[in-house]
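The values are calculated or read from the model by the stated rules, or taken from the named source; none is laboratory data. Please read these numbers as outputs of a predicted model, since none were measured by experiment. All accessible areas refer to the heavy atoms of the entire protein, side chains included, with ligands and DNA or RNA removed. Shrake-Rupley method; radii C 1.70, N 1.55, O 1.52, S 1.80 Å.
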Amino acid sequence: MSLTAPQVPSPAPHPADGLSVWPRSTRPGSTGDLTVAGVSLAETAGRFGTPVYVLDEDEVRERCRTYRSAFPEADVVYAAKAFLCRAMAHWVREEGLGLDVCSAGELMLAVTTGFPPGKIVLHGNAKSPEDLDAAVRLGVGRIVLDSASEIARLAAIVPHGSRQRVMLRVVPGVAAGGHAKVRTGTDDQKFGLSVTDGSARHAVARVLGQSRLELVGLHCHIGSQITTVKPYVAAVRRMVGLLARIREQHGVELPQLNLGGGHGIAYRPGEESLDVRRLATRVRAELRDGCAELKLAVPRLTIEPGRAVVGPAGVCVYRVLAVKRTGPHTFVAVDGGMSDNPRPALYGVRYAPRLIGRHSTAAPHLVTVVGRHCEAGDVLAEKVPLPGDVRPGDLLAVPVAGAYHLSMASGYNLVGRPPVVAVKDGTARTLVRRESLDDLNRRDIGL
Ligand code: LLP
């Protein structure tokens, strides 16, 4: 159903509008409103309630296309952990991407939506028997093995006469990533097989000895929210060196290399993001030169972006419930918080909310935007300018809410997770409905 009549696209916003991190279709609307894909955010909040995640379908699709055109020779595999629902799986498939899943749950959702299993990659440092069973049964394209014990566990469930394609996740020894909790390229964390202590070498030998497993290549994921190309180039160099050593030791040239994801985005105006085209050019050159030097055939590349595909396409709209002035501080409390966006509490990241839905001429004041949850750490934004007359009932919209918000949302304080509303060509539709009190209560069996 259409919320607003499709609008004639107005010119792209000027950087001075402060809309640089918003979906590209965002335009200032009437009386302080913003429209995304021609849909009023204030009307969306009124119709679907708050908090609400709004997702610009065309922005997601365009971002998929940017990857496909930057990496035409590679498999681009969307990391479902950033955000997954049936529509998202469908869009990603239509745009020609594969899917990275890390549980039987994500796998089932994708496959039952019609996602071709052969284009799915299964990840996980500790895959459950259900994860592995589902992957083998449904025929996923590649399983990325992350520990020595997993090799025999997987081989044991592959049916006689068939072979499961696998990759080995290795730790290339490259430190990168926007926060300690998302740095995975060195040995001091739980993922992958170490190159330095010989675990990777042993694992290669073990996989090659399993007749039901076909080792197609190596995988690494050095971290997340990486904004420069350099660590990826370093990772390529290490991985190519490793491929050459595997050939020396085992006489096999592995045909694939998966470089993971981690491509950084800006959450606030002025922040850095990774230049995907530059990444493609530099990775391609390093791969070509490195392989030529070691006389290796260039392996087929896979990349796994998550955040950079969906993060900037999402906006979360909240309603202000309280404004409290204590000493020098003004706290603006909204009707969501760490249950729909745990990222500030987990990684200390901050967002740039904006008042929408009414025009204010009040001078901006620096305020702290907080959530409704029972913790002082439930802070969405600190020292952000909002009009001095911000008051209960106002709407605040937070850009860059498409990745790792709903997928990491919780049932804290039994608030219920927000719905996801897709916007496209002036029309809004629900993709995922709000979690109701009834949903929450139904799981509780009682005394
Ligand atoms: N591939 C693998 C194997 C991964 O572990 C991840 C993310 C990705 C790809 C996609 O990374 P991306 O392009 O989205 O950065 N919850 C954190 C991010 C955790 C990322 C975990 N792995 C956050 O909210 O920042």
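Take the chain, connect every pair of alpha-carbon atoms lying under 10 Å apart with a spring to form a Gaussian network, then pick out the residue of Ala333, Ala110, Ala363 with the largest mean-square fluctuation.
Checking each option, the largest mean-square fluctuation is seen for Ala363.
How much solvent-accessible surface does Glu106 expose, in Å² to the nearest 10, with a 1.4 Å probe and all protein chains in place?
40
Report the gain in length on full extension from Lys295 to His359: 0.36 nm times residue separation, minus Cα-Cα distance, nm rounded to one decimal.
Numbers: separation 64, 0.36 × 64 = 23.04 nm, distance 6.42 nm.
So the chain would gain 16.6 nm between Lys295 and His359.
Considering only protein heavy atoms and a probe of 1.4 Å, how much of the accessible area of the range 57-310 is carbon and sulfur, as a whole percent? Present the calculation step by step, with values, prior to reporting the outcome.
Working: 5150 of 10210 Å².
Within the range 57-310, the accessible surface is 50 percent carbon and sulfur.
Mind checking the alpha-carbon convex hull of the range 139-204 and giving the volume per residue in Å³? Each step should come with its number before you reach the end.
On the way: hull volume 6.7 nm³, N = 66.
Convex hull of Cα atoms, per residue: 101 Å³.
With a 1.4 Å probe and all protein chains kept in place, how much accessible area does Glu375 have, in Å² rounded to the nearest 10?
90
Once the convex hull of the alpha carbons of the range 379-447 is built, what does its volume come to per residue, in cubic angstrom?
Values: hull volume 11.9 nm³, N = 69.
In the range 379-447, the Cα convex hull volume per residue is 172 Å³.
Three principal axis extents, largest first, for the C-alpha atoms of the range 35-128, in Å?
Dimensions of the range 35-128 along the principal axes of its Cα atoms: 41, 34, 23 Å.
Regarding the range 69-187, what is the average projected area of its C-alpha convex hull, in nm²? Could you put the intermediate results ahead of the total?
Values: hull surface 34.5 nm².
Mean projected area for the range 69-187: 8.6 nm², to one decimal.
To two decimal places, what compactness ratio does the range 57-310 give when its Cα radius of gyration is scaled by 2.2 N^0.38 Å?
Values: Rg = 17.2 Å, N = 254, 2.2 N^0.38 = 18.0 Å.
This ratio for the range 57-310 stands at 0.95.
Of Lys324, Lys424, which has the most accessible area and how do the rest follow, probe 1.4 Å? Please list the in-between numbers first.
Working: Lys324 125, Lys424 60 Å².
Descending accessible area places them as Lys324, Lys424.
Once you've got the GNM for the chain with C-alpha springs shorter than 10 Å, pick whichever of Gly327, Gly393, Gly306 has the biggest mean-square fluctuation.
Gly327
Rounded to the nearest 500 deg cm²/dmol, what is the calculated helix-only ellipticity per residue at 222 nm for the chain, with -39500 (n - 2.57) per DSSP H run of length n ≥ 4?
Values: 12 runs with 124 residues, N = 447.
Theoretical 222 nm ellipticity from helices: -8000 deg cm²/dmol.
How much accessible surface does Asp389 have with a 1.4 Å probe, in Å² rounded to 10?
Per-residue accessible area (Asp389): approximately 50 Å².
Would you list Asp378, Asp75 from the most to the least accessible area, probe 1.4 Å? All intermediate terms of the calculation are to be shown ahead of the outcome.
On the way: Asp378 5, Asp75 45 Å².
In descending accessible area the options line up as Asp75, Asp378.
Provide the per residue accessible area, probe 1.4 Å, for the range 16-111, rounded to a whole number of square angstrom. Don't jump to the answer; show the numbers that get you there.
Details: 3000 Å² over 96 residues.
Per residue, the range 16-111 has 31 Å² of solvent-accessible surface.
Extension gain Ser407-Ser149, at 0.36 nm per residue separation less the Cα-Cα distance, in nm?
Numbers: separation 258, 0.36 × 258 = 92.88 nm, distance 2.85 nm.
Stretched fully, the Ser407-Ser149 segment lengthens by 90.0 nm.
Taking the chain as a Gaussian network, Cα atoms linked when under 10 Å apart, which of Ala45, Ala156, Ala135 shows the biggest mean-square fluctuation?
Result: Ala156 has the largest fluctuation of those listed.
What is the pair-distance distribution P(r) of the chain, computed from all Cα-Cα distances in 20 Å bins starting at 0, with each bin given as a whole percent?
For the chain, the pair-distance distribution reads 24, 52, 22, 2.
Plugging the Kirkwood radius over Cα pairs into Stokes-Einstein for the range 254-370, at a temperature of 20 °C and a viscosity of 1.002 mPa s, what D comes out in µm²/s? Don't jump to the answer; show the numbers that get you there.
Values: Rh = 18.4 Å.
Rounded, D is 117 µm²/s.
Could you pull out every residue, at least 5 positions away or on a different chain, whose amide H is within less than 5 Å of the one on Asp75? Hs are placed 1.01 Å off N in the peptide plane, and Pro or chain starts have none.
Amide H neighbours of Asp75: Leu301, Thr302, Ile303.
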